[in-house]
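Peer 1: Dropping a structure here in structure tokens format, bear with me for questions.
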Amino acid sequence: MDLLRVTGSLTRADGKTYRQHPFRVPPGIEALRIAFTYDRGGDFPHSLVTLQLFDPIVCRGAAHRFAPRQTIEIGEHGATPGFLPGPVSAGEWTAEIDVHCVIPRVDGRANEYRLEIEGLASSLPGGQETIRGTASSFVPTGERTWLRGELHVHSEHSDGRWTIADIAERARGRGLDFLFLTDHNTASGVDLLRARLGDAVAVHPGIELTTYHGHALALGAEHWLDWRTGLRGRTADDVARDVRAASAFFVVAHPDAPPDDVCTGCRWTYADFDPSLAGAVEVWGGLWDGPEERNQGCLELWRNWLNAGHRLTATGATDAHRPEDWEGPVPLTYVRAPDASLPAILEALRSGRTYVSSGPFLELRALRGGQVVAEVGDSVERSSRPVVEAHCQGSPPALLRVIANGQVVAQEPVTGEGRLAVPADPGRSWCCAELWSPAGDVLLAVTSALYLA
């Protein structure tokens, strides 16, 4: 049964808009089949037009991927990756076309998209895996230790070029304690990855909220969150508040990514955003000096927001879309927590107990009389005249630095293990430790901030 057939035209001016196509599902429909096509306009850069599907109550998923021709199926026992299986309820549904970017056709004609939705009277013969996993059980040790985690990964449930099975296979060999799956605007793959990995790695839910003017991770989000800024007056501040209301953790992702149209919407351009609503900045993604990375600008944004008085955790991740993205000296986030359960990891992230590293251990502590009085994420009274000490282990030849209010205040060459201590300057409000290559051009590790009150 045909439920919807529509063809639309798009021009360059339609970029960063939303087109909603309502349709009615009558009783007796067991499944939906959606055919969606759009004009790419070119090979590179190219248009990006995605699809979201809403049933009468909730969002049923998103097809945030680059294929200009897609077939999407959804039924009670199966669904195309990116979408949630479940009953096809009778009532008013909406297929939303999200127009991220339009690259004009070379022949000058308007770009077109076509959407066809068919209702099926019988269940789907197949579909994605429907096995379900449960959150891994981790017994608290009672003592905090450094746990190694990946915060930003994509699968075939959005624009990843590897499967849930691929991620599970490779995650087992990375020595991870925890992993957040963060597909674009959907959490449909999380339970499947949990089932694949069992207790080998703690798999936690997450979503990359893929707005038109910047991306953010909602770590801990198990259900769709409305990312659509500009729709009915919605702002990035509203999105961040909703992430917090969902007990999730808001990370500004790759804020200095390449601009439109190279990476549409990837760069953080919300000039009026309130940084106090964020929890963290992704200061390092992928290879530090990779051809697609602009990590220095991400690090500088974090420093600038700290200088403005905001307390924000430093995080890093691979933003992996394929197996190759886990190769080389890529960063992971280390958190100081008693176990790898979701509550423990989120509490550590919120408290700023992190460092980001491609391998070496790095910590920053405040000492008084030789005793530790504060660690990263903590505050220490300047008037008590503490000494700030950076400590690294397992480092290749490198420069160990203490940074205060964004400036290098001490630096020392190290190999293997090293320590560097400086008095806390009464004119400073925060400090962190950094480990750089001998030439000072490749970051090896960075801690979150320790605050001077």
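The values are calculated or read from the model by the stated rules, or taken from the named source; none is laboratory data. Being a predicted model, the structure only gives us computed values, none of them experimental. Heads up, the Cβs are rebuilt from the backbone with ideal geometry, glycines too, and the neighbour counts pull from every protein chain shown.
Peer 1: Which one is surrounded by the most Cβ atoms within 10 Å (Cβ to Cβ) among residues in segment 29-62 that are within 30 Å of residue 108 (Cβ to Cβ) and among the aromatic types (Phe, Trp, Tyr)?
Peer 2: 38
Peer 1: Among 277, 312, 287, which is the only one that is in contact with an Asp or Glu (Cβ under 8 Å, 6 or more places away or on another chain) and either without any contact (Cβ under 8 Å) to a residue 24 or more places away in the chain or under 19 Å from residue 351 (Cα atoms) (or both)?
Peer 2: On the way: 312 fails: in contact with an Asp or Glu (Cβ under 8 Å, 6 or more places away or on another chain); 287 fails: either without any contact (Cβ under 8 Å) to a residue 24 or more places away in the chain or under 19 Å from residue 351 (Cα atoms) (or both).
It is 277.
Peer 1: Please go through segment 56-110 and give me each residue that is of a type in the set (Gly, Ala, Ser), touching a Ser or Thr at 6+ places or on another chain (Cβ under 9 Å) and within 19 Å of residue 192 (Cβ to Cβ), ordered by number.
Peer 2: 61, 62, 63, 75, 78, 79, 82
Peer 1: Now for a different question. Suppose we filter 107, 39 for residues that are modelled with pLDDT under 95 and not assigned by TED's automatic domain parsing to the domain that holds residue 192; which single one remains?
Peer 2: Numbers: 39 fails: modelled with pLDDT under 95.
It is 107.
Peer 1: Further question on the same structure: Would you pick out the residues in segment 89-108 that are within 19 Å of residue 20 (Cα to Cα), hydrophobic (A, V, I, L, M, F, W, C) and surrounded by 18 or more Cβ atoms within 10 Å (Cβ to Cβ)?
Peer 2: Those that are within 19 Å of residue 20 (Cα to Cα), hydrophobic (A, V, I, L, M, F, W, C) and surrounded by 18 or more Cβ atoms within 10 Å (Cβ to Cβ): 93, 95, 97, 99, 101, 102.
Peer 1: Among the residues of segment 395-422, which ones are among the small types (Gly, Ala, Ser) and either surrounded by fewer than 13 Cβ atoms within 10 Å (Cβ to Cβ) or closer than 16 Å to residue 440 by Cβ (or both)? Please lay out each step first, then the result.
Peer 2: Step one: filter segment 395-422 for residues among the small types (Gly, Ala, Ser), giving 395, 398, 404, 406, 410, 416, 418, 421.
395, 398, 406, 410, 416, 418, listed by residue number.
Peer 1: May I pose another question? Let me confirm something: among 124, 32, which residue is part of a loop (DSSP other than H, G, I, E, B) and within 23 Å of residue 1 (Cα to Cα)?
Peer 2: Values: 32 fails: part of a loop (DSSP other than H, G, I, E, B).
Answer to the check: 124.
Peer 1: Does residue 258 qualify as being surrounded by fewer than 21 Cβ atoms within 10 Å (Cβ to Cβ) and not assigned by TED's automatic domain parsing to the domain that holds residue 13? Quick ask: steps written out before the conclusion?
Peer 2: On the way: surrounded by fewer than 21 Cβ atoms within 10 Å (Cβ to Cβ): yes; not assigned by TED's automatic domain parsing to the domain that holds residue 13: yes.
Taking the combined requirement at face value, the residue satisfies it.
Peer 1: Are any residues in segment 184-199 under 17 Å from residue 58 (Cβ atoms) and acidic (Asp, Glu), and if so, which ones?
Peer 2: 191
Peer 1: Something else now. When residues of segment 231-252 are filtered for being farther than 16 Å from residue 267 by Cβ and either under 14 Å from the mean Cα position of the chain (by Cα) or not hydrophobic (A, V, I, L, M, F, W, C) (or both), how many remain? Before you say what the answer is, go through the steps one by one.
Peer 2: Within segment 231-252, the first condition is being farther than 16 Å from residue 267 by Cβ, and the residues that meet it are 231-235, 237-250.
Filter again for either under 14 Å from the mean Cα position of the chain (by Cα) or not hydrophobic (A, V, I, L, M, F, W, C) (or both), leaving 232-235, 237-238, 240-244, 247-250.
Summing the residues that are farther than 16 Å from residue 267 by Cβ and either under 14 Å from the mean Cα position of the chain (by Cα) or not hydrophobic (A, V, I, L, M, F, W, C) (or both) in segment 231-252 gives 15.
Peer 1: Enumerate the pairs (first residue in segment 170-187 and at positive phi; second residue anywhere and part of a strand (DSSP E or B) and crowded, with 24+ Cβ neighbours inside 10 Å) with beta-carbon separation below 6 Å, excluding pairs fewer than 6 apart on the same chain, so at least 6 apart or on different chains.
Peer 2: Between residues of segment 170-187 that are at positive phi and residues that are part of a strand (DSSP E or B) and crowded, with 24+ Cβ neighbours inside 10 Å, the close pairs are 185/62; 185/210.
Peer 1: Could you list all residues from segment 155-206 that are within 14 Å of the chain's Cα centre (by Cα) and modelled with pLDDT under 95?
Peer 2: none
Peer 1: Just to be sure, is residue 376 in contact with a Cys (Cβ under 9 Å, 6 or more places away or on another chain), of a type in the set (A, V, I, L, M, F, W, C) and surrounded by 14 or more Cβ atoms within 10 Å (Cβ to Cβ)? Please lay out each step first, then the result.
Peer 2: Values: in contact with a Cys (Cβ under 9 Å, 6 or more places away or on another chain): yes; of a type in the set (A, V, I, L, M, F, W, C): yes; surrounded by 14 or more Cβ atoms within 10 Å (Cβ to Cβ): yes.
Considered against the rule, which asks whether it is in contact with a Cys (Cβ under 9 Å, 6 or more places away or on another chain), of a type in the set (A, V, I, L, M, F, W, C) and surrounded by 14 or more Cβ atoms within 10 Å (Cβ to Cβ), residue 376 comes out as yes.
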